[in-house]
Amino acid sequence: MTDDLSSSPNARIVQEIVESEIHAAVVAALDRDHDRMVSELIALTEIPAPPFAEEARARAYRDMLVQAGLKEVEIDAIGNVTGIRPGSGGGQKVIAISAHLDTVFPAGTNVTVRRDGDRLHAPGVGDNTRGLATILAYLRALDAAGVHTRSDILVLATVGEEGEGDLRGMRHFFSAGKYRDRVEALICLDGPTPAGTIVCGGTGSKRYKATFRGPGGHSFADFGIVNPMFAAAKTITELGRMALPSDPKTTCNPTVIGGGTSVNAIPSEVTLQVDLRSNSASALSELDAAFKTIVQASCHSENASRSTAKGEITAQLELIGDRPAGETAPGDLIDYARGAIAAFGEISSLGTFSTDANIAMSLGVPAITLTWGGTGGNAHTVEEWVDVERTSSVRGMTIGMTTLLAMTAVRRESA
Ligand SMILES: [Zn+2]
């Protein structure tokens, strides 16, 4: 912990919580309950949750939240699962804790968990089924320790965090969900996030599918007419020449290309997918504008270079991904997380990634993403694993729990 933080009122709040009986009781409960957490992690991992098909896992999770005693448990219009652990404060504002339901793996992927000592191997076992299991363990530990919070705790399991899901669950939650105006702060558990990392910046991205069209023709007989493949290639070359800031990190990649029908035909259509990202909203919008200019210029250049007698090259852009950039300003949430990390002897560092928290950050709602506890690796591959060695797992879980306790202003039943 840095000096300026350790002397701050927020640091004292965390310190008091960490040294309290209530905290000891919660941590002891997490420890006692650890085997159950692992068995629920295995059970949830083995319910497939492919992109856009999270229903089966959502229903199972809904039932588990009911069993954990939450109120108002439901599946919302887009497929998110929500439930409330009421506090004593009258229930206007809520502190939300969330994990995403979806995995990156298509239907049919073998999701059977293989256990090898403390290691569990299966696609999705870490990212982000471990987050779902950790939240269930938190709820039981709060109950076992007789913890009452002032704020309501809202549990949120989202759909569509990964890839083309494009944060649709969280986007719906904050645009049309019934709790959208009631969230005071959001803690996402996702990972594997290193124990000391507080993700408080959200990398924004814009993803496009550009379709270049032209008249098409015979490769020999029609030679000399415009060719959409040249326009697409020009776009790729120009994107590669762009000077991009390294701070805020800003990136641009052509990623998928397709088109053409035959080796001896001038194509009539070529598609190109492009991934634009930045840690800064303004840098991302500048990059977005530059990309659109390059696409148009590439068409003009091709139309000026060859014959348009049979038709011109045009380009159509389809936005296939749109994640807002954002940042959580320094304040209680980050201070508490830093204090929670410091209490366990870890050095905290602030990070920027693309997670469900982006949506809240872009709306000015304080949001961070933390570890779900334990370690893991090979996320987004079928070789994915997590380590559930009890001591380090509980230590990691305690970081999110301590942050949650500080945010919700705890007191014990007997107090
Ligand atoms: Zn994830």
Spelling out what I want: for every residue of the range 287-299, take phi, set θ = phi - 60°, compute 6.51 cos²θ - 1.76 cosθ + 1.60 (Karplus), and round to whole Hz; glycine and proline get x. 5, 4, 5, 5, 4, 5, 5, 4, 4, 5, 5, 5, 5
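Summing -39500 (n - 2.57) over the DSSP H runs of n ≥ 4 in the chain and dividing by its residue number, what mean residue ellipticity at 222 nm do you reach, to the nearest 500 deg cm²/dmol?
Details: 12 runs with 151 residues, N = 415.
About -11500 deg cm²/dmol.
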From the backbone phi of the range 215-224, what are the Karplus-calculated ³J(HN,Hα) couplings (6.51 cos²θ - 1.76 cosθ + 1.60, θ = phi - 60°) in whole Hz, Gly and Pro given as x? x, x, x, 6, 5, 9, 5, 9, 3, x
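Which of the peptides 392-400, 162-170 is most tightly packed, and how do the rest follow, judged by the mean count of other Cβ atoms within 10 Å per residue? Can you show the working numbers first?
Numbers: 392-400: 24.1, 162-170: 21.2.
Listed from highest to lowest mean packing, they are 392-400, 162-170.
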For the range 317-333, just list the computed ³J(HN,Hα) in residue order, Karplus coefficients 6.51, -1.76 and 1.60, θ = phi - 60°, integers in Hz, with x standing in for Gly and Pro. 10, 10, 7, 10, x, 8, 10, x, 7, x, 8, 8, 5, x, x, 3, 4
GNM on the chain, Cα springs under 10 Å; top mean-square fluctuation among Gly83, Gly364, Gly326 goes to Gly364
In debye, nearest 20: dipole of the range 55-180 around its Cα centre with unit charges on the Cβ of K, R (+) and D, E (-)? 340 debye
Can you list residues from other chains, or at least 5 along the same chain, whose modelled amide H is less than 5 Å from the amide H of Gly217? Ile266
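Can you give me the % of accessible surface on the chain that is carbon or sulfur? Probe 1.4 Å, all protein chains present, nothing else counted. Walk me through the numbers before you get to the answer.
Numbers: 8890 of 17360 Å².
Using a 1.4 Å probe with all protein chains present, the chain comes out at 51 percent carbon and sulfur.
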FRET efficiency, Val382 to Val256 (Cβ-Cβ, R0 25 Å, nearest 0.05): 0.75
Given the candidates Gln273, Ser88, Thr375, the one whose Cα lies deepest towards the positive end of the charge dipole of the chain, counting +1 at each Lys or Arg C-beta and -1 at each Asp or Glu C-beta, is Gln273
Once you've got the GNM for the chain with C-alpha springs shorter than 10 Å, pick whichever of Ala43, Ala24, Ala309 has the biggest mean-square fluctuation. Ala309
Tell me, what is the 1.4 Å probe accessible area of Tyr179, in Å² to the nearest 10? 10 Å²
Quick one: length gained pulling Lys71 to Thr109 fully straight, 0.36 nm per residue minus the C-alpha distance? 10.3 nm
Tell me the label-point distance for the pair Asp116, Gln92, using the 7 Å Cα-to-Cβ offset, in nm and rounded to one decimal. 5.4 nm
At what distance in nm do the modelled label points of Ser246 and Ala144 sit from each other, each positioned 7 Å from its Cα along Cα→Cβ? 4.8 nm
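If you take every residue apart from Thr293 with its C-beta less than 11 Å away from the C-beta of Thr293, what net charge results, scoring Lys and Arg +1 and Asp and Glu -1? Could you put the intermediate results ahead of the total?
Working: positive: Lys292; negative: Glu238, Glu286, Asp288.
That sum, taken over residues with Cβ under 11 Å, equals -2.
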What does the charge dipole of the chain about its Cα centre add up to, to the nearest 20 debye, if the Cβ of each Lys and Arg holds +1 and the Cβ of each Asp and Glu holds -1? 560 debye
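Restricting to DSSP loop positions (anything but H, G, I, E, B) with no more than 14 other Cβ atoms inside 10 Å of their own Cβ, which trypsin sites (Lys or Arg not before Pro) remain in the range 262-314?
Listed in order of number, the matching sites are Lys310.
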Please state the charge dipole magnitude for the range 1-103, taken about the Cα centre, from unit charges on C-beta atoms (+1 on K and R, -1 on D and E), reported in debye and rounded to the nearest 20. 300 debye
Once Ala53 and Ser20 are pulled to full extension, the length gained, defined as 0.36 nm per residue separation minus their Cα-Cα distance, is 7.6 nm
If one builds a Gaussian network model of the chain from Cα atoms under 10 Å apart, the most fluctuating residue listed among Gly108, Gly131, Gly91 is Gly108
What accessible area per residue, rounded to a whole number of Å², is obtained for the chain using a probe radius of 1.4 Å? 42 Å²
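The values are calculated or read from the model by the stated rules, or taken from the named source; none is laboratory data. Note that the structure is predicted; figures quoted are calculated from it, not measured. Quick reminder, even Gly has a Cβ in these numbers, built from the backbone with ideal geometry, and neighbours come from all protein chains shown. In case anyone asks, the SASA skips ligands and DNA or RNA and just uses the protein heavy atoms, side chains included. Shrake-Rupley method; radii C 1.70, N 1.55, O 1.52, S 1.80 Å.
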